[in-house]
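Peer 1: Structure in C-alpha cells, see below.
The values are calculated or read from the model by the stated rules, or taken from the named source; none is laboratory data. Just so you know, these numbers come straight off a predicted model, no measurement behind them. Cβ placement follows ideal geometry from the backbone for every residue including glycine, while neighbour counts extend to all protein chains displayed.
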Amino acid sequence: MKDTSSSPSGADRVRIGRANVTKWQIKVLLTVFGFAIMAAVLLYTKLIVDELVANERRTVELYANLLARSYNANSDEDLLFYTDLTYSSIHFPVILTDKKERPVYPFAQFMLNVDLDSTMSIEQQRAWLIDYIQSMKQEYQPFIIKDPNGKVLQKIFYTNSGIVRRLQYMPYVEIMIVSAFIMIGYVAFSTIRRNEESNIWVGMAKEAAHQLGTPLSSLLAWLEILRMNKEDHGLVVQTAEEMQRDVERLNVIANRFSKIGSQPHLQMTRLADVIENVCRYFETRLPNLGRKVVLHRDLDPAIMCNVNADLFEWVIENLIKNAVEAIERQDGRIDIVLRPRSRGGALLTVTDNGKGMTTQVRSKIFQPGYTTKRRGWGLGLSLSRRIVEEYHGGKIVVKESAPGAGTTFAIDLP
C-alpha cells in the first residue's frame, strides 16, 4: 500500500499558473512578503528621516555661522538682518545659551519653537530649560559661536522637529499594529476553521491581505511624496497626517476582523456620516491607486439606523471597491444614494457605470470564493451579505446590472 501520510492532499494544493504549490507554502510566502514590505517601509522611512535631520543640522550650522559673523557687524541692523535670514527656515526647537550652557534671559528672545510654560516663575523656567538643554545635548552636540580671537561667546542647542520624531516612530507603530492584527486574525481564523468550511477560513485570510492592500499602498505612495518634497514643510506636515490616518486605518481593519464570528454591538447611528467617512477616505487615495473615478453622494442626513459603524463601513468599502474595479472608462462615476423607507428604515443604492454583469454572474456574486477578477478572493460581497443580513437584519441585492450598462447594489436596512 502506498504511504500518503506525508503527501499533501489535493485539497491542500493550489495551482498558480503552471506551479502546483501547497497552501502552507503560500502562507509562508505571504508572511515573508509581508515582513519584506514592513522592512522596506522601515528602511525607506529611515532614509527620509536621515535626510531631514541632515537638513536641520545644516540650517542650525548656517544660523551659527551667521551669528558668529554678526559679532563683526557694525550695527544692530546687521545683526537683525543675519538672524531674520534664517528664522523663517527653522521649524524645530533651538536654544541659544551663554558659553557655560546656561539659558539667557529673557528666554523667549533666545529660543525658537520651544513650548515654555509662561505660568511658571522665572527660576522654574530656568530650571526647566537647563534640563531641556541637557536632553538636547544628549542627542546632538551644540554649535559653538566664537569671536575672531577664538573666544567662546555662545552655544546653540537644537533637537529634532515634531515631524521627524513622528516619522521616526511611524514604522514601529505600523509594525506593532500589523503584528496585533496578525494575532487577532490568527485567533479569529482558528475559530472560523472550527465552525465553518475550510475554504471560508482561507478566504478570510486572503481578504485580510486584500484589506491591508489599500493602506499599505497609500503609505508607500506617501513615502514617495515625502522623498520628492522633503523641503516643503507644509506638504511634509500634511503627508505625515495622511500617513497617520492610514495607520489608524490598519487598526480599524483589525477591529473589524475581531468582530466577525461574534455578535457585534449595534447603536443608533447617522448613516450619512458613516458613508461620507468612507467616501472621503477613498477620494484621497484613488489617485494613488491609478483610478479616475468620481464619487457622487446624495445622502439624507436625517436617517438614523441601528448599526455597527465599523462593520457597515466595511460593506460600503466593498461595494465601492467592486465598483471602482468594474470601471474601465475614463469618466468613471459612482452614485451613492441614501433615502428613507416609507415603512421605516433606509434604502441605500450604489450605482456604477462599469462593465456590468451577466445573469450567470449575478446569480453567484454573493457565493463565498466566487470572483470574476484575476486577483480577487471572492470574499468581499459574501462578507457584506453576512454583515447586512445576519448582523443587521437587512437585505443586500443586485438591483440592476447588464453587460456594458453598469451595476446597482441595493441595501435595505430596518
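Peer 1: Of all the helices (runs of 4 or more DSSP H) wholly in region 295-414, which have at least 2 residues that are within 17 Å of Met268 (Cα to Cα)? Give the derivation first.
Peer 2: On the way: elements: 309-326, 359-364, 380-385.
Passing ranges, in order: 309-326.
Peer 1: Please enumerate the residues belonging to region 389-410 that are buried (at least 22 other Cβ atoms within 10 Å of the Cβ) and touching a Lys or Arg at 6+ places or on another chain (Cβ under 7 Å).
Peer 2: Answer for region 389-410, where residues must be buried (at least 22 other Cβ atoms within 10 Å of the Cβ) and touching a Lys or Arg at 6+ places or on another chain (Cβ under 7 Å): Ile396, Ser401, Phe409.
Peer 1: If a residue has to be of a type in the set (Gly, Ala, Ser), modelled with pLDDT under 85 and exposed (fewer than 12 other Cβ atoms within 10 Å of the Cβ) to count, how many in region 134-164 make the cut?
Peer 2: Initial filter on region 134-164 (of a type in the set (Gly, Ala, Ser)): 135, 150, 161-162.
After this cut, where a residue has to be modelled with pLDDT under 85 as well, the list is 150, 161-162.
Going one step further and asking which of them are exposed (fewer than 12 other Cβ atoms within 10 Å of the Cβ), we end up with 150.
Total satisfying the criteria: 1.
Peer 1: Specify which of the listed residues (Arg245, Arg256, Arg280, Arg291) is charged (D, E, K, R) and modelled with pLDDT of 80 or more. Spell out the reasoning first.
Peer 2: Working: Arg245 fails: modelled with pLDDT of 80 or more; Arg256 fails: modelled with pLDDT of 80 or more; Arg291 fails: modelled with pLDDT of 80 or more.
The conditions single out Arg280.
Peer 1: Name the pairs: first residue in region 105-126 and under 20 Å from Tyr158 (Cβ atoms) and not assigned by TED's automatic domain parsing to the domain that holds Val60, second residue surrounded by 12 or more Cβ atoms within 10 Å (Cβ to Cβ) and not β-branched (Val, Ile, Thr), Cβ to Cβ under 6 Å, at least 6 apart or on different chains?
Peer 2: none
Peer 1: If we scan region 196-204, do we find a residue that is assigned to a helix (DSSP H, G or I), over 30 Å from Val278 (Cβ atoms), at pLDDT below 65 and of a type in the set (Gly, Ala, Ser)? Let's see the steps before the verdict.
Peer 2: Looking only at region 196-204, we keep the residues that are assigned to a helix (DSSP H, G or I), and these are 198-204.
Still in the list and also over 30 Å from Val278 (Cβ atoms): 198.
Narrowing further to those that are at pLDDT below 65: 198.
Then drop every residue that is not of a type in the set (Gly, Ala, Ser), which leaves 198.
Yes, region 196-204 has at least one match.
Peer 1: Still on this structure, please answer the following. So, Ile303, is that one surrounded by 13 or more Cβ atoms within 10 Å (Cβ to Cβ) and modelled with pLDDT of 75 or more or not? Before you say what the answer is, go through the steps one by one.
Peer 2: On the way: surrounded by 13 or more Cβ atoms within 10 Å (Cβ to Cβ): yes; modelled with pLDDT of 75 or more: yes.
Considered against the rule, which asks whether it is surrounded by 13 or more Cβ atoms within 10 Å (Cβ to Cβ) and modelled with pLDDT of 75 or more, Ile303 comes out as yes.
Peer 1: Looking only at residues in region 104-117 that are assigned to a loop (DSSP other than H, G, I, E, B) and at pLDDT 85 or above, which one is nearest to Met136 (Cα to Cα)?
Peer 2: Start the filter on region 104-117 by keeping residues that are assigned to a loop (DSSP other than H, G, I, E, B), which leaves 104-106, 113-117.
Now narrow it down to the ones that are at pLDDT 85 or above: 104-106, 114-117.
Working: Val104: 16, Tyr105: 19, Pro106: 20, Val114: 12, Asp115: 14, Leu116: 15, Asp117: 18 Å.
Applying the filter and picking the extreme gives Val114.
One line per residue, one yes/no per condition, for (1) crowded, with 19+ Cβ neighbours inside 10 Å; (2) modelled with pLDDT of 85 or more:
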residue	(1), (2)
Asp310	no, no
Leu319	yes, yes
Arg343	no, no
Lys355	no, yes
Ser363	no, no
Gln367	no, no
Thr372	no, no
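Peer 1: Contact list please: Cβ distance under 6 Å, first residue in region 157-178 and closer than 14 Å to Glu56 by Cβ, second residue acidic (Asp, Glu) and surrounded by fewer than 21 Cβ atoms within 10 Å (Cβ to Cβ), pairs at least six apart or on different chains.
Peer 2: Thr159/Glu139
Peer 1: What number of residues in region 125-176 are among the basic types (Lys, Arg) and under 26 Å from Ala39 (Cβ atoms)? Show your work before the answer.
Peer 2: Taking region 125-176 first, the residues among the basic types (Lys, Arg) are 126, 137, 146, 151, 155, 165-166.
Adding the requirement that they be under 26 Å from Ala39 (Cβ atoms) leaves 165-166.
Summing the residues that are among the basic types (Lys, Arg) and under 26 Å from Ala39 (Cβ atoms) in region 125-176 gives 2.
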